[in-house]
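The values are calculated or read from the model by the stated rules, or taken from the named source; none is laboratory data. Keep in mind the model is a prediction, meaning the values are calculated, not measured. Cβ atoms come from the backbone with ideal geometry, glycine included; neighbour counts cover every protein chain shown. Protein only, heavy atoms only, side chains kept; ligands, DNA and RNA dropped before computing areas. Shrake-Rupley method; radii C 1.70, N 1.55, O 1.52, S 1.80 Å.
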Amino acid sequence: MPSRGRQRARAFSVTSVQSQLSVKSKRHRDVFISVSRRLPYPFPGNESAKRLRRVFWVSFFCAILSENLQKGRVKRAQSVKRLETMMLDARECCHQLFLSDDVPVKSIVCSLVSSNAKQLLVKSRGIFRRTTGDDKAALRALSAATEQLLDEVVHITPSSSGLNQKLIAYVRHLIQPRTSFPADYLWSLEKDYLTFDRLGQTKDVSTESALALFLCFFVLRCLITTIVLNPQEYRIVRDRLSDVAYSNVKTVASFVVYIVRHCLAASKGVLKSAPEEIAGSLYTDDEMKFVYKKLSRVVHSYQAQLSQWGLRFLEEVKAERR
């Protein structure tokens, strides 16, 4: 073991070296400060002039920042306005397509609201009571009307003759990232599948997100919540809807929305609730529970067909852009 004298000598040498280094670093710092004070860059002049110049530059950069923020707000507002205009044009194109004489949507809706139409909403009569013949006929009619509507939808392609290019342009713009939507455009069902940045723009639009946006626009906005639920507005019928007619269109709308929800839930395995924005025009899941159970075959069949059709439609739209 080293002696105490050697340990003290070593500690003294380390302390002396540290003191010399601290003296040298302090000396270098003093030299740097004295030289920097003599340099005229970047704020030459006396202290008052330096402060005034600093205030000027800070104000100048704040003004530039404020101007850029204002330009960004104006640009986003213009983008939202442009998207809203595109959406109205695209919806009008869809309505023209669905209401054309070549597509039997009008005849399907007329069969639901005619004076001799039967009630389509069927509820459970209890565990020990069998379904009546009228209930079975109503379920068959509901299944037929829903299948006919969705068959017309899934046969539409981007290359269809009656499809306007404005609709294709809107769908292409709809599914791209960094899109700013109007304040009340997105439904709760769509928001569940989207992510947003701090500016409120969409980011990382996945396949599931694009499918949700597309189906909610094409099937729900352009067909169900407009033509099916409001046949008077589109001159399909002129008279006021009877209670049975209103119940029938409400039943079909609720059933189609349920199928779309199942279609979107296939990827995540979680069935989302109906959009809050249109829930008042639909029957609740409890009210439709018996119908969903009896027509589960239709749900599973058209859930797959809608998913395949939507993904294929989006792929063709993206391919046209390339």
Sort 52-63, 203-214 for me by packing, meaning the mean count of neighbouring Cβ atoms within 10 Å per residue, highest on top. 203-214, 52-63
Sorting E316, E277 by accessible area (1.4 Å probe), largest first, what list results? E277, E316
Theoretical FRET efficiency, 1/(1+(r/R0)^6), r = Cβ-Cβ of E92 and S160, R0 22 Å, to 0.05: 0.85
Which pairs in the list K166/K250; K166/K294; K75/K166; K136/K166 are over 32 Å apart, alpha-carbon to alpha-carbon? K166/K294; K136/K166
Quick one: how many Å² of S79 are accessible to a 1.4 Å probe, rounded to 10? 40 Å²
Rank by packing, highest mean first: peptides 215-222, 131-138, 242-249, with packing defined as the count of other Cβ atoms within 10 Å averaged across residues. 215-222, 242-249, 131-138
Reported to the nearest 10 Å², K75 has, with a 1.4 Å probe, an accessible area equal to 150 Å²
HN-Hα J in Hz across segment 295-307 - Karplus 6.51, -1.76, 1.60, θ = phi - 60°, x for Gly and Pro: 10, 5, 4, 5, 4, 5, 5, 7, 4, 5, 5, 5, 4
Taking only protein heavy atoms and a 1.4 Å probe, the highest-to-lowest accessible-area order of M87, M288 is M87, M288
Pair L311, R140: separation of 7 Å Cα→Cβ label points (nm): 3.5 nm
Can you pull the accessible area of D89 for me, 1.4 Å probe, Å² to the nearest 10? 60 Å²
